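Please read the structure below before turning to the comments.
The values are calculated or read from the model by the stated rules, or taken from the named source; none is laboratory data. On a predicted model such as this, the values are computed, not experimentally measured, just so you know. Cβ placement follows ideal geometry from the backbone for every residue including glycine, while neighbour counts extend to all protein chains displayed. Just so you know, the surface numbers come from the protein's heavy atoms only, side chains and all, with ligands and any DNA or RNA stripped out. Shrake-Rupley method; radii C 1.70, N 1.55, O 1.52, S 1.80 Å.
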2 protein chains.
Amino acid sequence: MTFRALAERLATGPGAIYWHMADKSDLVTGACDTLIARTVQDCVGATPEATIRVLALGMFDAMSAHPWLGAALASPAGQLPIVRILEPLGQQVCALGIPEDTRWAAVSALVSYILGVGGQNAANGQLARTRGLDRSEFLDAVATMWSQLNAREYPFTRSLAVRLRTHDDRLDFLTGIDLILRGIESTRGS
Amino acid sequence: MTFRALAERLATGPGAIYWHMADKSDLVTGACDTLIARTVQDCVGATPEATIRVLALGMFDAMSAHPWLGAALASPAGQLPIVRILEPLGQQVCALGIPEDTRWAAVSALVSYILGVGGQNAANGQLARTRGLDRSEFLDAVATMWSQLNAREYPFTRSLAVRLRTHDDRLDFLTGIDLILRGIESTRGS
DNA sequence: GACACGAATGGAACAATGTTCCAGAATTAT
DNA sequence: ATAATTCTGGAACATTGTTCCATTCGTGTC
């Protein structure tokens, strides 16, 4: 979304926008903020783990629905949008009974993973869009490239090529969350 | 790094560069590729877990040393640079004895986490640089902002503010990797 | 040795985009 | 009604990726 496009949609000029906003990062951060606030509120599950899953999935879906979110969340660090995600995750990790000295590691791993997947997905989507491919065409292209890799150097990647065409991003994402959750819980006993 | 700066450094014009490269993404992808290839080669540890740790730390250090890497790795998805990371991680996960149907989840979680942390760190660094802050000043600014948050809405984030000033990015990153590794290994039995 | 032809150069120009400027319109206060 | 402040919107500026093209360089040929 460019400033001129925004100005046209608002039937005004760029200058009018700059009277209300300092710069583009202001605009984007604000949009992130309201969107994430809406996404994060009323995320409750039966258990802390379930709540974390719901939160993570909410973020995943928000980033899928708004491709700019993934890219936008990468830049304003420590800012309000990130805190809006950090806080409920942290509260749930506390509720899990994780000792204080490992809470930060647990929460930071969750946040990094969520933002990492989101950013990667957003980039994939944007790449596909600029090339005029839909999702399955894009996956096909990647799978084909992977299957053509050198068999001796890239055995593992080649073995993934088939599975790639039919995989479910959302499910894989949730599996990753569960993986981290299990890792977190295994620290509780030690 | 802008094309004009690059042209000046090379004592030539932009046109000369375009004779050899298709566009900027070509240039960046190429740079990523050689850098990651160098980073990933000879990553060996005593055990698969240790090797994964070494690989991840290598990527972390490379992204710290070259801030553009984090941003660059977000865009070319499924491309060679990503595959260069995916492959050795996958091989080590295989060596861990993870059953085939959960290998993808394990590897994809690792990759997403590594890229997520890298991207976030790169963004933090860039933000700090544009504001002319060094690392400790930047952490101070974030810690101060966090400690001034509303106590009722953001208890967890506030409780992190103190710890933030003295934390070690590299160590936290490795802790996250260990978390995921433990989660991966706990799937082996089930 | 002169010439021809493709490879490579480098600087000017173009297009898109974030940003600033400013003359004026709209609104509000006195 | 007048003055001052707020707000608008379009023109202009700076930066950056990219393209164009006249020119130069190197190499093989007669």
- line: Scanning the range B:168-190 for residues that are within 23 Å of A:Pro81 (Cα to Cα) and facing chain A (nearest Cβ under 7 Å) gives B:Asp172, B:Gly176
query: When the range B:1-17 is examined, which residues are found to be assigned to a helix (DSSP H, G or I), within 11 Å of DNA strand C (Cβ to nearest atom), open to solvent by 70 Å² or more (accessible area, probe 1.4 Å) and out of contact with any helix residue (DSSP H, G or I) (no Cβ under 7 Å at 6 or more places or on another chain)?
result: B:Glu8
query: If you check B:Pro81 against the conditions, is it in contact with a Leu (Cβ under 9 Å, 6 or more places away or on another chain), assigned to a helix (DSSP H, G or I), more than 10 Å from chain A (Cβ to nearest Cβ) and over 24 Å from A:Ile85 (Cβ atoms)?
result: yes
message: Would you confirm whether or not the range A:113-136 contains a residue that is within 10 Å of chain B (Cβ to nearest Cβ) and farther than 24 Å from A:Cys32 by Cβ?
response: no
- request: Using the structure shown, decide if A:Asp178 is open to solvent by 20 Å² or more (accessible area, probe 1.4 Å), closer than 15 Å to A:Met59 by Cβ and in contact (Cβ under 8 Å) with a residue 12 or more places away in the chain.
  value: no
message: Looking at the range A:1-14, I want the residues that are farther than 21 Å from A:Pro67 by Cβ and have a partner that is near DNA strand D (Cβ under 7 Å from one of its atoms) and in a loop (DSSP other than H, G, I, E, B) with Cβ atoms under 8 Å, at least 6 apart or on another chain. Which pairs are those?
response: A:Ala7/A:Gly13
statement: Quick count over the range A:38-65, residues being within 15 Å of the chain's Cα centre (by Cα) and either small (Gly, Ala, Ser) or within 16 Å of DNA strand C (Cβ to nearest atom) (or both), is 5
field: All positions within the range B:87-96 that are facing chain A (nearest Cβ under 7 Å) and open to solvent by less than 10 Å² (accessible area, probe 1.4 Å)
entry: B:Glu87, B:Gly90
- prompt: Among the residues of the range A:23-44 satisfying the criterion of being small (Gly, Ala, Ser) and more than 14 Å from chain B (Cβ to nearest Cβ), which is farthest from DNA strand D (Cβ to nearest atom)?
  reply: A:Ala31
- request: Please work out which one of (1) over 13 Å from the mean Cα position of the chain (by Cα); (2) at pLDDT 95 or above is the condition A:Trp104 fails and give its number.
  value: (2)
message: Report every pair of residues separated by at least 6 positions or lying on different chains whose Cβ atoms are under 7 Å apart, first residue within the range A:60-79 and open to solvent by 10 Å² or more (accessible area, probe 1.4 Å), second basic (Lys, Arg).
response: A:Phe60/A:Arg170
- request: Only residues that are assigned to a helix (DSSP H, G or I) and open to solvent by 80 Å² or more (accessible area, probe 1.4 Å): list them for the range B:35-52, please.
  value: B:Arg38
- request: Would you check if A:Val28 is within 13 Å of DNA strand C (Cβ to nearest atom), among the β-branched types (Val, Ile, Thr) and out of contact with any Ser or Thr (no Cβ under 6 Å at 6 or more places or on another chain)?
  value: yes
